[in-house]
Amino acid sequence: MIEILEKGGVIMWLILALSLIAAVLIIERLFYFRKIRVGEEKMISRLKTTLQKGHFDEALSICENNPSPITNLMRVGIEHRGYSPETIKNSILDAANMEIPRMEKHLPALGTITHIAPLLGLLGTVTGNISAFGVLGKFGAVGDPGLLAKGISEALLTTAAGLIVAIPAIIFYNYLVNKANHTILWLENRVNELVLLLGGENK
């Protein structure tokens, strides 16, 4: 492994650093989405029961003590319970839009890595080939195809490394973007139940 990194030069070390950063970002986002979905159904059921009893202060306390996207939206809905159902819904949708940056946190950085990694690999290959041909010209070894092949093969290592990093990063980036979008839609649909509950208070 160390030998491969040394052959790739500085570019290979940069690609390795990008791969580690990408791995950390992916793991953090996967844990985040898993965390916000764990226990959500139980939390929603608890809040619905509390609201049906008219215990709004208790419901607000539950939301404040258990911060998550769904409880943040519910808290906004409860705070606007005295308004019309349309106003309640709009306030919740506004709050949902505020949750989007939290769900998309680190995704722009991951997207940047998916673009930079293969470009760095290509750059490493180009500079490696320039170096290989320079050595051949310097020592007059143009007639030695083995030396040229060795130099080119080492230069191509960075391209392979860049693609190895970029391909899974792109897959996880697209997955996480879709996950964020689906979670927002899920939140909005689930909170519609809250709108119906709170809307009934105004009748």
In segment 123-132, residues that are surrounded by fewer than 15 Cβ atoms within 10 Å (Cβ to Cβ) and of a type in the set (A, V, I, L, M, F, W, C) total 2
Check Arg81 against each of (1) buried (at least 16 other Cβ atoms within 10 Å of the Cβ); (2) charged (D, E, K, R); (3) free of Cβ contacts under 8 Å to residues at least 12 places away in the same chain and name the one condition it does not meet.
(3)
Please find, within segment 84-118, the residue that is surrounded by the fewest Cβ atoms within 10 Å (Cβ to Cβ) out of those that are of a type in the set (Lys, Arg) and within 30 Å of Ala23 (Cα to Cα).
Arg102
Does Leu163 satisfy being modelled with pLDDT of 70 or more and over 17 Å from the mean Cα position of the chain (by Cα)?
yes
For segment 49-57, does any single residue satisfy the condition of being over 25 Å from the mean Cα position of the chain (by Cα), within 17 Å of Glu193 (Cβ to Cβ) and buried (at least 18 other Cβ atoms within 10 Å of the Cβ)?
yes
Only one of (1) under 30 Å from Gly121 (Cβ atoms); (2) of a type in the set (S, T, N, Q); (3) in contact with a Gly (Cβ under 9 Å, 6 or more places away or on another chain) does not apply to Ser19, and that is (3)
Lys35 passes all but one of (1) surrounded by 12 or more Cβ atoms within 10 Å (Cβ to Cβ); (2) basic (Lys, Arg); (3) free of Cβ contacts under 8 Å to residues at least 60 places away in the same chain; which number fails?
(1)
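The values are calculated or read from the model by the stated rules, or taken from the named source; none is laboratory data. Here the structure is a predicted model, which is why all the values come from computation and not from measurement. Neighbour counts run over all protein chains shown; Cβ positions are idealised from the backbone, glycine included.
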